[in-house]
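These notes concern the structure reproduced below.
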Amino acid sequence: MEKPNVIIALSTKSVIKIIYYLMMIDGAIQDEEEDKFDEIGKELDPNFGLYRTMLIDQCKKQKDKAIDQEDEYAVLQDGVEEAIAVGANAKDAVITPKILVWDMLTIAYSDGQYDEKERRLVKYVVRKLNIDKAVFLEMESSFLTLMDLEKELQWIKTTDRPYLVVESIINEISDRKTAIFESVKDLIAF
């Protein structure tokens, strides 16, 4: 039996395209998603601004292939599949599959919601890139826990509790967030 082709890394442009398809999947691109997209794009490639518009146009052309709204998910998934095929183990491939999935979780939740279509596309990428199911579920759980801790942090700052009580809770939440980030870094690294 032939061993499946292992994808070690993806090209930056492919990763950015996949992230943009994810943003399109729920039917509306929110400002928060756009901001996070630009942040990730610049982080991944200092020259991102030079091809940002062209890349977005390519993604929109892919979406335009949909015959009707029911067809959109499948068409965007086809775009993701093509981006993976083009960028997998390419000469300029530097983004590991797990980092891509973490970035996808970040984008998916940047508008405060983790839509079912977004989750479905993330799971598709996890399968296509042969990421262990348990690793993905741990990444997802860690990410959602971080988001819950962030909400708790924002809430505690609005209470009228004494400063020392608030400071103590803030420190505890920060410690918990740090511990989760460390475990995620270990998870993504291997």
Report summary line: Counting only helices (runs of 4 or more DSSP H) entirely within the stretch 21-113, those with at least 3 residues that are within 30 Å of GLU182 (Cβ to Cβ) and acidic (Asp, Glu) are 31-44
Report task. Would you be able to tell me the number of residues in the stretch 78-90 that are in contact (Cβ under 8 Å) with a residue 40 or more places away in the chain and either surrounded by fewer than 18 Cβ atoms within 10 Å (Cβ to Cβ) or in contact with a helix residue (DSSP H, G or I) (Cβ under 6 Å, 6 or more places away or on another chain) (or both)? Result -> 9
Report task. Considering (1) polar (S, T, N, Q); (2) closer than 26 Å to ALA74 by Cα; (3) loosely packed, with under 15 Cβ neighbours inside 10 Å, say which one THR106 fails and leave the rest. Result -> (3)
Query raised in the report: Of all the residues that make up the stretch 1-39, how many are outside the structural domain of ALA108 (by TED's automatic domain parsing) and closer than 18 Å to GLU118 by Cβ?
Result: 0
Query raised in the report: Is there any pair with a first residue in the stretch 152-171 that is touching a residue at least 12 places away in the same chain (Cβ under 8 Å) and a second that is charged (D, E, K, R) and surrounded by 10 or more Cβ atoms within 10 Å (Cβ to Cβ) whose Cβ atoms are under 9 Å apart and which are 6 or more apart or on different chains, and what are they?
Result: LEU153/LYS177; ILE169/GLU152; ILE169/ARG161; ILE170/LYS157
Requested in this report: Would you point out which residue out of LYS63, LYS42 is surrounded by 14 or more Cβ atoms within 10 Å (Cβ to Cβ) and either closer than 24 Å to GLU116 by Cα or at pLDDT 90 or above (or both)?
Outcome: LYS63
Query raised in the report: What about ILE107, is it touching a residue at least 24 places away in the same chain (Cβ under 8 Å), under 13 Å from the mean Cα position of the chain (by Cα) and more than 18 Å from GLY27 (Cα to Cα)?
Result: no
Query raised in the report: Within the stretch 7-31, how many residues turn out to be surrounded by fewer than 24 Cβ atoms within 10 Å (Cβ to Cβ) and basic (Lys, Arg)?
Result: 1
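Residue by residue, here is whether (1) out of contact with any Pro (no Cβ under 9 Å at 6 or more places or on another chain); (2) outside the structural domain of ILE18 (by TED's automatic domain parsing); (3) closer than 30 Å to ILE18 by Cα; (4) assigned to a helix (DSSP H, G or I) holds:
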site: THR145; (1), (2), (3), (4): yes, yes, yes, yes
site: LEU153; (1), (2), (3), (4): yes, yes, no, yes
site: ARG161; (1), (2), (3), (4): yes, yes, no, no
site: SER168; (1), (2), (3), (4): yes, yes, no, yes
site: ASP175; (1), (2), (3), (4): yes, yes, no, yes
site: GLU182; (1), (2), (3), (4): yes, yes, yes, yes
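The values are calculated or read from the model by the stated rules, or taken from the named source; none is laboratory data. No experiment lies behind these values; they were computed from the predicted model shown. Because the Cβ atoms are built from the backbone with ideal geometry, glycine has one as well, and the counts that use them run over all protein chains shown.
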